[in-house]
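Q: First the structure, then my questions, so here it is.
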Amino acid sequence: MSKILWINPLGTNIYDDPIKKGLLNIKQENTQVDVVSLEGGSTHLEYRYYEALVVPEVLKIIRKAEQDKYDAAIIGCFYDLGLYDARQIVDGMVIAAPAEASAYLAATLGYKFSVIVTEDLVIPQMMSNFEVYGIKNKVASFKSLGMGVHDLRANESETIRRIKEKAKEAIENDLAEVIILGCTLQFGFYKEIQEYINAPVIDPIISSFKYAEYLVELKERFGWLHSKVYSYKSPPIMELKEFGLYRIV
């Protein structure tokens, strides 16, 4: 049995139960799923400042998760905050995140993909991440809904209407062949959008969770996991102890 932890990096637990319910419906039979959120802090991460404040807490949760024998952790925000940092501080646990998983999958399913985002302000950071992932040339466009994160669930019929409009525009005008829902709070909408545009629509919660399951299997069967040669090399334990960073609080 594998254990996977989904981390909602928000100072609210209102999304924990619906996300866990969704994950239980798609998980492999031998996968245990747990969902946690932060004890305090911002309830959305649209601003980089909010993101910077929660990364240390996310890293603490991840270190504790490995100590508790989890096989994988997923950082549940499309910004993929702290993704590379997290891979540095674990020894054998898999770390996944929504944007990376969704982009790699989309690049396999079609030549170009478009991302449906909440507001324009999130686009520069997402594009920067795709550049780091080596996949910027696969982006056909970003399409903004003109909605805040919490607005996505406030009126779901209006959210779906706007996503349909932007997805169709991306297919017809930008030559996108795949659509990525660029916020984890767009969960549960993909089927209706997919049927409407007749093209793959990727739910970032599903893609990152299944990616994590896949990476766990690769680790267990073939010993393939995050390389510790350069980018994900862990800090020396002696330094962590010296700086007072080793103990998990």
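The values are calculated or read from the model by the stated rules, or taken from the named source; none is laboratory data. Predicted model, so just to flag it, every value in this text is computed and none were measured. All Cβ positions, even for glycine, are placed from backbone atoms using ideal geometry, and neighbour counts span all protein chains on display.
Q: Restricting attention to region 83-118, and to residues there that are of a type in the set (Gly, Ala, Ser) and surrounded by fewer than 21 Cβ atoms within 10 Å (Cβ to Cβ), which single residue is farthest from Asp151 (Cα to Cα)?
A: Gly92
Q: Kindly indicate whether Met127 is under 30 Å from Lys228 (Cα atoms), assigned by TED's automatic domain parsing to the domain that holds Glu46 and either buried (at least 21 other Cβ atoms within 10 Å of the Cβ) or free of Cβ contacts under 8 Å to residues at least 24 places away in the same chain (or both).
A: When the stated conditions are applied, Met127 does not pass them.
Q: Right, here's the next one. For region 80-101: of the residues being acidic (Asp, Glu) and assigned to a loop (DSSP other than H, G, I, E, B), which is farthest from Ser2 (Cα to Cα)?
A: Asp80
Q: Separate question: Does any residue in region 53-82 that is surrounded by fewer than 24 Cβ atoms within 10 Å (Cβ to Cβ) come within less than 6 Å, Cβ to Cβ, of a residue that is among the hydroxyl-bearing types (Ser, Thr, Tyr) six or more places away or on a different chain, and which pairs are these?
A: The qualifying pairs are Asp71/Ser2.
Q: Collect the residues in region 98-126 that are aliphatic (A, V, I, L, M) and over 15 Å from Cys77 (Cα atoms), keeping them in residue-number order.
A: Correct list: Leu105, Ala106, Ala107, Leu109, Leu121.
Q: Select, from Lys136, Lys143, the only residue that is more than 12 Å from Ile180 (Cα to Cα), over 14 Å from the mean Cα position of the chain (by Cα) and free of Cβ contacts under 8 Å to residues at least 40 places away in the same chain.
A: None of the other options fit; the residue is Lys136.
Q: Go through the residues of region 24-32 one by one and say whether even a single one is in contact with a strand residue (DSSP E or B) (Cβ under 8 Å, 6 or more places away or on another chain) and assigned to a strand (DSSP E or B).
A: Yes - at least one qualifying residue is present in region 24-32.
Q: Another question, then. Could you tell me which residue of region 218-249 is surrounded by the fewest Cβ atoms within 10 Å (Cβ to Cβ), considering only residues that are in contact (Cβ under 8 Å) with a residue 60 or more places away in the chain and not in a loop (DSSP other than H, G, I, E, B)?
A: Per the stated criteria, the residue is Glu220.
Q: Just wondering, is there one or more residues in region 218-230 that are within 21 Å of Leu5 (Cβ to Cβ), assigned by TED's automatic domain parsing to the domain that holds Tyr15, at pLDDT 95 or above and among the aliphatic types (A, V, I, L, M)?
A: yes
Q: Then there's this: Taking Ala65, is it in contact with a strand residue (DSSP E or B) (Cβ under 9 Å, 6 or more places away or on another chain), assigned to a helix (DSSP H, G or I) and under 24 Å from Ile135 (Cβ atoms)?
A: Spelling it out, it is not the case that Ala65 is in contact with a strand residue (DSSP E or B) (Cβ under 9 Å, 6 or more places away or on another chain), assigned to a helix (DSSP H, G or I) and under 24 Å from Ile135 (Cβ atoms).
Q: Determine the pairs where a residue that is touching a residue at least 60 places away in the same chain (Cβ under 8 Å), located within region 172-197, has a partner that is assigned to a helix (DSSP H, G or I) and surrounded by fewer than 16 Cβ atoms within 10 Å (Cβ to Cβ) with Cβ atoms under 7 Å apart, the partner being 6 or more residues away or on another chain.
A: Filtered contacts from region 172-197: Val178/Leu109; Leu185/Arg153.
Q: I'm told Tyr196 meets every condition in (1) out of contact with any Gly (no Cβ under 7 Å at 6 or more places or on another chain); (2) assigned to a helix (DSSP H, G or I); (3) within 17 Å of Glu100 (Cα to Cα) except one. Can you identify the failing condition by its number?
A: Single failed check for Tyr196: (3).
Q: State the number of residues belonging to region 130-163 that are closer than 19 Å to Ser102 by Cβ and either in the same structural domain as Tyr79 (by TED's automatic domain parsing) or of a type in the set (S, T, N, Q) (or both).
A: Matching residues across region 130-163 total 4.
Q: I need every pair where a residue in region 1-17 that is closer than 19 Å to Asp71 by Cα has its Cβ under 8 Å from the Cβ of a residue that is basic (Lys, Arg) and not in a strand (DSSP E or B), sequence separation at least 6 or different chains.
A: Pairs found: Lys3/Lys69; Ile4/Lys27; Trp6/Lys20.
Q: Considering only region 22-38, how many residues are farther than 20 Å from Arg153 by Cβ, touching an Asp or Glu at 6+ places or on another chain (Cβ under 8 Å) and not hydroxyl-bearing (Ser, Thr, Tyr)?
A: 2
Q: Return yes or no: is Gly92 more than 23 Å from Tyr190 (Cα to Cα), free of Cβ contacts under 8 Å to residues at least 60 places away in the same chain and of a type outside the set (A, V, I, L, M)?
A: Criteria not met by Gly92.
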